[in-house]
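Down below is the structure, laid out as structure tokens.
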Amino acid sequence: MRSLIDIVDFTLEEVDELIATACDIHQNPQKYADACKGKKLATLFFEPSTRTRLSFEAAMYELGGNVIGFSEASSSSASKGESVADTAKVISCYADIIAMRHPLEGAPLVASRNATVPVINAGDGGHLHPTQTLTDLLTIYREKGRLTDLTIGFCGDLKYGRTVHSLISALSRYHNIKVVLISPKELAIPEYVKSDVMDLNEMHYFETDSLDEALPELDILYMTRIQRERFDDLETYERLKDSYILTCEKMQEAKGDMCILHPLPRVNEISVAIDSDPRACYFKQVLNGKLIRMALILKLLGETDKVESRDEGLEHSEFCCANPRCITSVEQELVPKFRSVELKERVYRCIFCEKDAVLKEEK
Ligand code: CP
């Protein structure tokens with residue numbers, strides 16, 4: 001059985017096939033109207049969402065299927081202390097496929113290891129958001145006609161921006177992608193994304209805190225929100241929240257065919273006046289999200305007999321994960337597992353959240 005936890009669970013060819021299916025669904029919706037008749041999708045959202053949850057639900061209805069689920073942790077038995085593993089086992093008795101969003105990093109991976117139906121990661125804390133990535137790739141493909149030979153600027157919260165981490169990971173497999181990372185120092189891209197993804201794949205990237213300097217070079221500008229909910233310290237949030245505001249005046253410096261993407265929700269980082277600029281693609285992105293999630297549901301329900309090939313990691317009793325937002329830090333009965341990465345020296349990463357392992361006595 002296949003699940004989608006990280007975008008690299010799918011090969012490049014599989015991602016391209018999903019994009020092709022989404023384009024066909026857009027052209028011929030009637031062909032797919034009964035494709036999931038009799039099937040149920042469970043949307044388990046432990047964190048707020050508008051687009052991801054409702055686009056999954058719309059996708060399943062448009063495929064002729066049904067939807068069950070909840071939209072906040074407080075209305076589920078998680079509020080009584082039920083573990084993610086038990087929740088996944090239980091929901092597998094009711095639904096054919098699960099889409100899960102959770103504030104703890106690695107929660108959907110835990111669900112996929114315990115469910116007997118496919119699990120889709122609909123966003124786990126500040127870690128990954130692979131279905132947003134599929135949405136972004138489809139949007140870039142439909143707007144630019146290609147997924148190669150592009151200069152892409154990521155701007156805003158690159159530290160906690162799970163959509164950024166997943167999209168960089170996906171783009172690292174395409175030819176001649178140049179990445180410009182635009183953020184304040186406090187919200188810079190995590191080191192593991194640089195070393196394990198960009199350096200390892202010899203991706204061309206450049207870090208700056210100046211949107212003005214980067215803008216004229218970009219084919220795509222991927223704006224992100226500074227996420228209040230990820231800050232432990234509200235003073236830092238207040239200081240950083242207005243770091244970047246894209247205005248019509250700034251857009252005069254951008255290429256005439258540059259695309260502005262944003263996973264949304266937006267707060268104030270893109271001026272509303274830009275919405276009528278033909279380069280603003282973020283509402284087209286929303287429609288693409290439904291199309292690609294339809295393609296994804298079809299793919300996973302059609303591959304329940306296939307075997308997952310993910311690195312399951314190994315137990316190292318001397319290590320624990322240092323990340324307080326990792327599911328292993330909160331659900332104490334989970335056995336932490338680690339994979340080794342050969343960089344300049346061998347390092348160990350938690351398989352649930354990808355942060356560094358530390359010696360237990362150092363935590
Ligand atoms: N892009 C995105 O994940 O939006 P929601 O949080 O509304 O689902």
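The values are calculated or read from the model by the stated rules, or taken from the named source; none is laboratory data. On a predicted model such as this, the values are computed, not experimentally measured, just so you know. FYI the Cβ positions are ideal-geometry reconstructions off the backbone, even for glycines, and counts take in every protein chain you see. What goes into the accessible areas is simple: the full protein's heavy atoms, side chains included, and nothing from ligands, DNA or RNA. Shrake-Rupley method; radii C 1.70, N 1.55, O 1.52, S 1.80 Å.
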Q: Could you check region 101-210 for strands (runs of 3 or more DSSP E) lying wholly inside it with 1 or more residues that are surrounded by fewer than 22 Cβ atoms within 10 Å (Cβ to Cβ)?
A: 150-155, 177-182, 204-208
Q) Do we have V330 as farther than 30 Å from R142 by Cβ, β-branched (V, I, T) and open to solvent by 20 Å² or more (accessible area, probe 1.4 Å) here? A) yes
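Residues are listed down the side, and each one gets a yes or a no for (1) more than 16 Å from the ligand (Cβ to nearest atom); (2) open to solvent by 20 Å² or more (accessible area, probe 1.4 Å):
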residue: H26; (1), (2): yes, yes
residue: Y32; (1), (2): yes, yes
residue: G38; (1), (2): yes, yes
residue: E57; (1), (2): no, yes
residue: E62; (1), (2): yes, yes
residue: G65; (1), (2): yes, no
residue: G69; (1), (2): no, yes
Q: Can you tell me which residue within region 40-55, out of those that are in a loop (DSSP other than H, G, I, E, B) and touching a residue at least 40 places away in the same chain (Cβ under 8 Å), is farthest from the ligand (Cβ to nearest atom)?
A: F46
Q. Among the residues of region 242-255, is any within 16 Å of the ligand (Cβ to nearest atom) and aromatic (F, W, Y)?
A. no
**Q.** Long-range neighbours under 8 Å by Cβ, at least six apart or interchain, first residue farther than 24 Å from D232 by Cβ within region 119-133, second open to solvent by less than 10 Å² (accessible area, probe 1.4 Å) and among the basic types (K, R)
**A.** T131/R293
Q: Quick one: R228 ticks every box in (1) more than 16 Å from the ligand (Cβ to nearest atom); (2) within 20 Å of the chain's Cα centre (by Cα); (3) over 30 Å from E62 (Cβ atoms); (4) not small (G, A, S) except a single one, so which number is it?
A: (1)
**Q.** Test: E82 is more than 16 Å from the ligand (Cβ to nearest atom), part of a helix (DSSP H, G or I), free of Cβ contacts under 8 Å to residues at least 40 places away in the same chain and open to solvent by 60 Å² or more (accessible area, probe 1.4 Å)
**A.** no
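If the requirement is being open to solvent by less than 20 Å² (accessible area, probe 1.4 Å), of a type in the set (V, I, T) and either at pLDDT below 95 or in contact with a Ser or Thr (Cβ under 7 Å, 6 or more places away or on another chain) (or both), which of these qualifies: I245, I226, I260?
Details: I245 fails: open to solvent by less than 20 Å² (accessible area, probe 1.4 Å); I260 fails: either at pLDDT below 95 or in contact with a Ser or Thr (Cβ under 7 Å, 6 or more places away or on another chain) (or both).
Answer to the check: I226.
Does E217 meet the test of being within 16 Å of the ligand (Cβ to nearest atom) and open to solvent by 20 Å² or more (accessible area, probe 1.4 Å)?
Numbers: within 16 Å of the ligand (Cβ to nearest atom): no; open to solvent by 20 Å² or more (accessible area, probe 1.4 Å): yes.
So E217 fails the test.
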